[in-house]
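One structure is given here, and the rest of the page talks about it.
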Amino acid sequence: MKAVLQRVSEARVEVDGATVGAIGRGILVLLGVEKGDTERDAAWLAEKMAGLRIFEDDAGKMNLSVREVEGSILAVSQFTLAGNCAKGRRPSFDTAAPPDEGKRLYDRFVDLIRETGIPTATGIFQADMKVHLVNDGPVTFILDTKSRSSST
């Protein structure tokens with residue numbers, strides 16, 4: 001799984017002109033599922049994101065998690081994160097998980113985040129979505145479950 005995390009002051013996702021998910025302060029996560037990804041990957045990513053200290057404390061240091069600032073998460077599926085642009089001019093999506101597996105693991109990831117008690121909104125899997133955000137900082141991180149070490 002690959003995830004782009006953006007610390008936001010607000011974010012929303014629209015489908016056909018209607019807002020389907022929105023948050024205030026929190027994290028917008030764009031999530032791509034690849035072949036070979038597992039529920040263990042979804043669990044690692046959910047736990048990592050819930051505890052990642054990317055919000056500033058009173059001293060101005062990134063020392064607080066989304067949970068500690070009582071923020072929310074907006075999870076948006078984005079299969080193009082599995083795109084490979086190394087060869088030619090057209091991205092290859094050979095490593096992207098098939099849609100049914102991608103949806104299953106995306107839904108599992110969302111369920112795991114919700115189980116942490118963090119309010120979580122979503123987009124709609126496979127929909128043509130318009131994502132609006134105000135990146136706070138800007139602060140952006142990339143998490144890739146394939147490159148993680150054995151520690152969290």
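The values are calculated or read from the model by the stated rules, or taken from the named source; none is laboratory data. All values reported here derive from a predicted model rather than from experimental measurement. Here the Cβ positions follow ideal geometry from the backbone for every residue, glycine too, while neighbour counts run over all protein chains shown. When the accessible area is computed, the model is the full protein with side chains, heavy atoms only, and any ligands, DNA or RNA have been set aside. Shrake-Rupley method; radii C 1.70, N 1.55, O 1.52, S 1.80 Å.
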TODO: For segment 45-152, just list the percent of Cα-Cα distances falling in each 5 Å bin from zero outward, please.
DONE: 2, 9, 17, 20, 21, 16, 9, 4, 2, 0
Task: Candidates V29, V134, V66, ranked by Gaussian network fluctuation over the chain, Cα under 10 Å, top entry - done: V134
Task: Point-to-point label distance, K103-V139, nm (Cα→Cβ direction, 7 Å offset) - done: 3.4
Task: Using alpha-carbon coordinates, inclination of helix 39-51 to the longest axis of the chain, degrees - done: 30
Task: Eligible aspartates and glutamates near K61 by straight Cα distance, threshold 15 Å, same-chain separation 8 or greater - done: D136
Open item on the list: Can you give me the % of accessible surface on the chain that is carbon or sulfur? Probe 1.4 Å, all protein chains present, nothing else counted.
Closed with: 48
Task: Chain lengthening between R67 and K48 when straightened (0.36 nm per residue, less Cα-Cα) - done: 5.7 nm
Open item on the list: Using helices alone, I'd like the mean residue ellipticity at 222 nm for the chain: each DSSP H run of four-plus residues gives -39500 (n - 2.57), total over residue count, nearest 500.
Closed with: -6500 deg cm²/dmol
- [ ] For segment 14-108, just run the numbers: alpha carbon Rg, then divide by 2.2 N^0.38 Å, N being how many residues it has.
- [x] 1.29
Open item on the list: Can you give me the angle between helix 99-115 and the longest principal axis of the chain, using Cα atoms only, in degrees from 0 to 90, rounded to the nearest 10?
Closed with: 10
Task: Relative packing of 72-79, 17-24, 110-117, which averages over residues the other C-beta atoms within 10 Å, highest first - done: 72-79, 110-117, 17-24
